[in-house]
Amino acid sequence: MGLTIRTLAEEDYPTFHAVLVAAFLDDPHESDAADERPLFDLDRAHGVFDGEEMIGTAAVLPRDLTVPGGPVPAAAITSVGVKPGHRRRGVLTQLMRAQLHGLHDEGLEAFATLWASEGSIYGRYGYGVAAQVTDLRLPRGAAFHPGVDVGDERVRELPREEAMPLVRAIYDRVAPTRVGHLSRTQASWDHHLADEERHRDGLTKYRFALLPDGYAVYRVKISWTDRGPENEVNLRELVAADDRTYAALYRYLLDLDLVGELRYFTGSDDPVFHLLRNPRLARRANRESLWVRVVDLDRALVQRSYLSDVDVVLDVADEFCSWNADRWRFTVKEGEATVRRVTDEPDVALDISALGAAFLGGTRLTTLAKAQHVRELTPGAVRALSHAFVGESAPHCPEVF
């Protein structure tokens, strides 16, 4: 009997959760399934079955993602897993086809995005690396360069129940201006800042530091040595509406007593590096974060704004979503794009994954050309196209979904 795939129903949820936990080689916790249930619209979740046995899972979280120009609907892909003992049977391919073809057939979100558990998986389904995250480490007391304005407002630490309404209001105000940030439901907030003992990995509970226009959420990894305290501040999230608030929150965290180092998984162009008097104090390591898959090229590319005018014909290859495989005239005037099918001679040849990588403005098409993902057919076309796609800042998603 062959494998089958279908949309899930409420009675499938306990098995869905159990299969996902098994796929990630984790141990189930009795309350995790109930805690995570509000995250999912099961009519946007799929299961692959071998007879009656569910062996694969995947789901879509309908969220807004900020792209250059503002927030637009995105299919946030999550909970992709294959049960041990059933790999290499085409389960993941069935899940990807159901998701991506379903988005196209039903006219839903024009692009999908995800965090990959392994970096070699999703390129073959047309996803491209669209953002990076930086593991940043700063020593306590690291000085800023002269003249940095941190204002006069005192940072307040508030208990969670008082802080959360303020935190949510600030995030909702700032996220639509930060490329890569997702909209958040109550369920996603609860999941993102879950704070039961089992979620802490040996760290303290969350602490909330606030200013009127920004906040920082952090934990502390307690460490005492024979030389004294070397506690580590683990910064979960720092959101600020303006540069002064941003600098003030970092200054507050870097000046906490009994601390040896601050650690933060932040955007690849976090300006704190340039705030430092001695930038060599910052230790930084990058890895990929968001992957983007352009599902409907003509609908997706018109949803964002662009940095400069351009008029080129793209010869796009797309083996997994064949409706994109064609020649397209891509024209930008005053930041707005038009896209239409043509039979004209192409200026640039590229795979759909290259457009996904460039979609948030953080991966240059000129770089992808050097890596042989993009081929220039008309001199100067790649440079012009790349400049149009570049964003004013690097994209960053502060939550794993």
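Numbers for the structure displayed
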| item | result |
| --- | --- |
| Under 28 Å from the Cα of Lys370 - lysines, other chains or at least 8 residues apart | Lys333 |
| Lys, Arg +1 and Asp, Glu -1 on Cβ, resulting dipole of the stretch 1-131 about Cα centre, debye, nearest 20 | 720 |
| Ser31-Ile121 pseudo-label distance in nm [points 7 Å out on the Cα-to-Cβ vector] | 2.8 |
| Ser308, Ser183, Ser120 arranged by Cβ crowding within 10 Å, fewest neighbours leading | Ser120, Ser308, Ser183 |
| For the stretch 345-386, fraction of C-alpha pairs farther apart than 17 Å, in % | 18 |
| Cα point-scatterer Debye curve for the stretch 163-322, base-10 log of I(q)/I(0) at q = 0.10 Å⁻¹ | -0.52 |
| Ranked list, fewest to most other Cβ atoms within 10 Å of each Cβ, for Arg63, Arg87 | Arg87, Arg63 |
| Candidate aspartates and glutamates - alpha carbon under 13 Å from Lys221, same-chain residues fewer than 8 apart omitted | Asp201, Glu230, Glu232, Glu261 |
| Convex hull of Cα atoms in the chain, direction-averaged projection (nm²) | 22.5 |
| Normalised contact order of the chain, rounded percent, pairs of Cα under 8 Å and 6 or more residues apart | 19 |
| Built amide H within the under 5 Å cut-off of Gly56, gap 5+ | Val48, Lys83 |
| Globularity ratio of the stretch 322-361, using Cα Rg and 2.2 N^0.38 Å | 1.23 |
| Furthest towards positive pole of dipole, Met96, Ala116, Thr134, structure part the chain, Cβ charges | Thr134 |
| Axial C-alpha extent at least 20 Å, average Kyte-Doolittle at least -1.0 - helices from the chain (DSSP) | 91-105, 160-174 |
| Relative exposure of Val292, Val48, Val150, Val72, judged by other C-beta atoms within 10 Å (fewest first) | Val72, Val150, Val48, Val292 |
| Candidates Gln99, Gln372, Gln132: whichever shows maximal mean-square fluctuation once the chain is modelled as a Gaussian network with Cα springs under 10 Å | Gln372 |
| The stretch 3-109: projected area of the alpha-carbon convex hull, averaged over directions, in nm² | 7.6 |
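Laboratory data are not the source of any read-out in this text; all were calculated from the coordinates shown. Note that this is a predicted model, so its numbers are computed, not measured. Quick reminder, even Gly has a Cβ in these numbers, built from the backbone with ideal geometry, and neighbours come from all protein chains shown.
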